[in-house]
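Some notes on the structure that comes next.
The values are calculated or read from the model by the stated rules, or taken from the named source; none is laboratory data. Note that this is a predicted model, so its numbers are computed, not measured. Just so you know, the surface numbers come from the protein's heavy atoms only, side chains and all, with ligands and any DNA or RNA stripped out. Shrake-Rupley method; radii C 1.70, N 1.55, O 1.52, S 1.80 Å.
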Amino acid sequence: RRPRRCASARLRPAGGRARWRHGCARAMPPRMKALCVGINYAGSDGELRGAVHDALRWVDMLVGHCGFSRDSVVAMIDEYPSGELVDDDDPAYVRPTHDNLLEGLDWLTQDVSEGDAVLFTFSGHGAQLLENTLVAAEEERVEDALCPVDWDSFDWGLVPYRLITEGVLHRYFARLPAGALLTVVIDASVVGVPLRVPLRIDFEYPDRETDNDAVTQGEYRETVVGCDAWLRGASVNALPRRPPREPSKPLWSRLAKLLTQDVAPPLDEGLAAFCITACRSSQTALDASLEGVAQGCMSYCLFQAFELCNFRCSYLELVEGMAHIARNLKREVMPHMDQYFQLAYGKNAGPDECLVLDPRSAVTAKDKARRRRGTRRRPA
């Protein structure tokens, strides 16, 4: 077995003054690591009010109820609950800049072994990147992207916008080995699923399992994003979790894409991978005041459903519970809410087979992949 590589990291875990450290030896218990991001874009024209709350609630829930140690949960937020901006030297939190997010993803996906559980959550703006209409083919896929706090800056004067694209996410998640458990939760407006897994359930039609096909540019241009949910919700102060302007690629970006082809391998078929997203194409993830607290609608439903299950349920049971709570919200509070949650997953670990964030579910996909190949686990 090859020895692990040690790596340095300059960021800090939530709740502690020690900086991140990459261990060189495999601990006997499973490792449980989480990167929780919440961005309110304070002071910008796309300011939100509840994304930071989502991230901080994730930290509290993971440590208090899910068996995560505080040193293994990293929180990235741009402002404190008081409204003051997070300082760059804060010992407990990290500012969610583009570079810090990349470093956080690097930490999250390094030194992961069979039996480990990894969680990435993002609350903030989701954007869609389209090729220029003069050169793009209708069948080309739309690439979803997450917006760091400095998303609207140009990188080196060449790459427009400092976004975390689904291709970037995939390159990090493709590192994870068979036998690990990956959970991704995106409370932002995305048109597809930013995790490249083959199957999906749209909870507007919860009895249907469909292929997780990418949204094409032709399909996307034919959709009209509804505004009813936040413009007509008179009883609820709601905001869309999408940037105030849609980023676009310049003409020359196509050449850059050809020169930097995505060569990352597909996710390991033995990786148990699940992705929960707030909505699908033409819908909008909402940031709203619920029970007097600004928060993401999907995050609110997730926390409520997980608590009702005593923090122990399958991924399918969790999202079914979330969908039930969302229906009640729509009926009683937000009649124009237009978002339906999405659950995507791999072919070797079904959402009814694996418990949420439970390392004991991590080897499900690896065992099933082994059986598909006709091999057996070697005795210890």
* **Hits among aspartates and glutamates - C-alpha to C-alpha of LYS366 under 12 Å, sequence gap 8 or more where chains match** => GLU114, ASP268, GLU269
* Structure fact -> Stretched fully, the stretch from ASP211 through GLU114 gains (0.36 nm per residue minus C-alpha distance, one decimal, in nm) 32.2 nm
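For GLU140, GLU246, GLU332, GLU204, write out the residues from largest to smallest accessible area, computed with a 1.4 angstrom probe and no ligands counted.
GLU332, GLU246, GLU204, GLU140
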* Which whole-Hz ³J(HN,Hα) couplings does the range 121-128 yield from phi under the Karplus relation 6.51 cos²θ - 1.76 cosθ + 1.60, θ = phi - 60°, glycine and proline marked x? -> 10, 9, 10, x, 8, x, 10, 10
* To do: Roll a 1.4 angstrom probe over the protein heavy atoms and tell me the percent of accessible area of the range 301-380 that is carbon or sulfur.
  => 48
* Structure fact -> Judged on accessible area alone, 1.4 Å probe, highest first, ARG171, ARG162 line up as ARG171, ARG162
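Of LYS33, LYS330, which has the most accessible area with a 1.4 Å probe, and how do the rest follow in descending order?
Values: LYS33 5, LYS330 70 Å².
Largest accessible area first, the residues go LYS330, LYS33.
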